[in-house]
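Student: Quick one: the structure is below, and I'll ask about it shortly.
The values are calculated or read from the model by the stated rules, or taken from the named source; none is laboratory data. As the structure is a computational prediction, the values presented were derived from the model and not from experiment. Note that each Cβ is placed from the backbone with ideal geometry, even for glycine, and that neighbours are counted across all protein chains shown. The protein model used for the area step is the full one, side chains on, heavy atoms only, and it has no ligands, DNA or RNA in it. Shrake-Rupley method; radii C 1.70, N 1.55, O 1.52, S 1.80 Å.
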Amino acid sequence: MKVFKRSSIAIVLVLMATTVFAQTKTDAVKAYNAGYEEAKSGNYEAAIASYTQALTIARQIGPEGEDIVGRVEQQIPAAYFNKARSQYQEYQKSKSLEALDATISAFREVVQVGQEYNDERVTPIAKRNIPVLLYQKSVTLYSNGELEKATEAVEKAMNENSNYAVAYYQKAKIIKKQNDTDGDGIIDQNVDELLNWYDQAITKAEATNNSDIAEKAREAAHDELLAVGTRQSEAGDTGTAMETLNKALNYDNESADVYYRLAEASNKAGSYDEAVEYATTALDHESGGKTDKAKIYFELGYAHQTLGNKSVACDAFSNALFGSFKSPAQHKMEYELKCETAR
């Protein structure tokens, strides 16, 4: 009886082995074709399952299945890529963070599978997409006011692509928001840290021929330093203001607004010769009309008035008789300088 049982087991094992090895190239081709049809229909999970089955069979049958192995190893990464692309389309519809996270995971899966199969077609594209998606996640989180999470996402983007200039620009925006303690749109602390990120954005952008981001970063750095310097000047800290404003010139050395504010700060500090120089330079770069130039002429007139250059001061004030500077310029001309051209 015991012998019979052992024989039965042996028969079952033989039958199982026969079933495994009975699979042929035809079976591999059928599985491959099934995967191809599923992929055409957009059923990528099913396509991947069929391709994997075809690969298993083709490898088992040895040299006869080598051509199938080669074809399947090309199709599997492509199926994963199309699956990820389909997930991205879902994200585009919903714009939800959940769909975005699923899309990022799907493209990471493409990279993992692509490396396994030595794919050089879709894997590089998937790699490039990941930092872009992480940047998009950071922007969304930033808009939602979730600055810590936005920072985490953008830093991951930079880790994926250290030359991704827009990620450095995004990081600068986060730093500014975190350090705008009173919410007035002007940074209140850690200005040097902010500039460091803008500088990195500029460097990365120039290295990758991304002139748009380089210009945006320069403009943002200039505008921030102009705002900070103006606030410092208005608070009476003219020395610090002039240091800040001169830094702004590193990002735009033809900024009429910066030179005007430097002239204003110089007048407040009693540096009238410098005020004349800055105001003259501001006028050289100001491309606006008479109203835009009025404030510059007013600072120029004030500097010359204090230096005792009456006629030059009168000429300057006469060009400041526009907009909100009309009344104070008239007062200077009529009651202080008694200019012949006073109106």
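Student: Among the listed residues Leu300, Leu283, Leu262, identify the single one that is out of contact with any His (no Cβ under 8 Å at 6 or more places or on another chain) and within 21 Å of Ala227 (Cβ to Cβ).
Tutor: Just one listed residue meets the conditions, Leu262.
Student: Separate question: Of a type in the set (Asp, Glu), crowded, with 16+ Cβ neighbours inside 10 Å and either at pLDDT below 95 or touching a Lys or Arg at 6+ places or on another chain (Cβ under 8 Å) (or both): does that describe Glu224?
Tutor: It is true that Glu224 is of a type in the set (Asp, Glu), crowded, with 16+ Cβ neighbours inside 10 Å and either at pLDDT below 95 or touching a Lys or Arg at 6+ places or on another chain (Cβ under 8 Å) (or both).
Student: Criterion first (part of a helix (DSSP H, G or I) and within 27 Å of Val228 (Cα to Cα)) does Lys268 satisfy it?
Tutor: The answer is yes for Lys268.
Student: Of the residues Tyr80, Tyr88, only one is in contact (Cβ under 8 Å) with a residue 12 or more places away in the chain and buried (at least 20 other Cβ atoms within 10 Å of the Cβ); which?
Tutor: Tyr80
Student: Quickly run through segment 302-342 and pick out the residues that are among the charged types (D, E, K, R) and either in contact (Cβ under 8 Å) with a residue 24 or more places away in the chain or surrounded by 14 or more Cβ atoms within 10 Å (Cβ to Cβ) (or both).
Tutor: Lys310, Asp315, Lys326, Lys332, Glu336, Glu340
Student: Next question. Being assigned to a helix (DSSP H, G or I), more than 44 Å from the chain's Cα centre (by Cα) and free of Cβ contacts under 8 Å to residues at least 12 places away in the same chain: is that true of Asp67 here?
Tutor: Yes.
Student: Looking only at segment 38-55, count how many residues are among the hydroxyl-bearing types (Ser, Thr, Tyr), open to solvent by 60 Å² or more (accessible area, probe 1.4 Å) and either touching a helix residue (DSSP H, G or I) at 6+ places or on another chain (Cβ under 7 Å) or in a helix (DSSP H, G or I) (or both).
Tutor: Adding up the residues that qualify gives 1.
Student: Tell me which residues, restricted to segment 264-292, are farther than 19 Å from Asn246 by Cβ and either buried (at least 23 other Cβ atoms within 10 Å of the Cβ) or of a type in the set (Ser, Thr, Tyr) (or both).
Tutor: Of everything in segment 264-292, those that are farther than 19 Å from Asn246 by Cβ and either buried (at least 23 other Cβ atoms within 10 Å of the Cβ) or of a type in the set (Ser, Thr, Tyr) (or both) turn out to be Ser287, Thr291.
Student: Let me ask another. In the list Tyr117, Tyr142, which residue meets the criterion of being touching a residue at least 12 places away in the same chain (Cβ under 8 Å), of a type outside the set (Asp, Glu) and over 29 Å from Asn209 (Cα atoms)?
Tutor: Result of the check over Tyr117, Tyr142: Tyr117.
Student: Just checking, does segment 114-124 include any residue being surrounded by fewer than 18 Cβ atoms within 10 Å (Cβ to Cβ) and under 26 Å from the mean Cα position of the chain (by Cα)?
Tutor: Looking through segment 114-124, at least one residue is surrounded by fewer than 18 Cβ atoms within 10 Å (Cβ to Cβ) and under 26 Å from the mean Cα position of the chain (by Cα).
Student: Name, by its number, the condition in (1) closer than 27 Å to Lys216 by Cα; (2) touching a residue at least 12 places away in the same chain (Cβ under 8 Å) that does not hold for Leu249.
Tutor: (2)
Student: Quick check on segment 117-131. Is at least one of its residues in contact with a Phe, Trp or Tyr (Cβ under 9 Å, 6 or more places away or on another chain) and within 20 Å of Ala201 (Cβ to Cβ)?
Tutor: So far as segment 117-131 goes, yes, one or more of its residues are in contact with a Phe, Trp or Tyr (Cβ under 9 Å, 6 or more places away or on another chain) and within 20 Å of Ala201 (Cβ to Cβ).
Student: Residues that are in contact with a Lys or Arg (Cβ under 7 Å, 6 or more places away or on another chain), open to solvent by less than 70 Å² (accessible area, probe 1.4 Å) and aromatic (Phe, Trp, Tyr): does segment 198-217 have at least one?
Tutor: Taking every residue of segment 198-217 in turn, none turns out to be in contact with a Lys or Arg (Cβ under 7 Å, 6 or more places away or on another chain), open to solvent by less than 70 Å² (accessible area, probe 1.4 Å) and aromatic (Phe, Trp, Tyr).
Student: Only one residue in Ala153, Ala205 is at pLDDT 95 or above, of a type outside the set (Lys, Arg) and closer than 29 Å to Val258 by Cα, so which one is that?
Tutor: Being at pLDDT 95 or above, of a type outside the set (Lys, Arg) and closer than 29 Å to Val258 by Cα holds for just one of Ala153, Ala205, which is Ala205.
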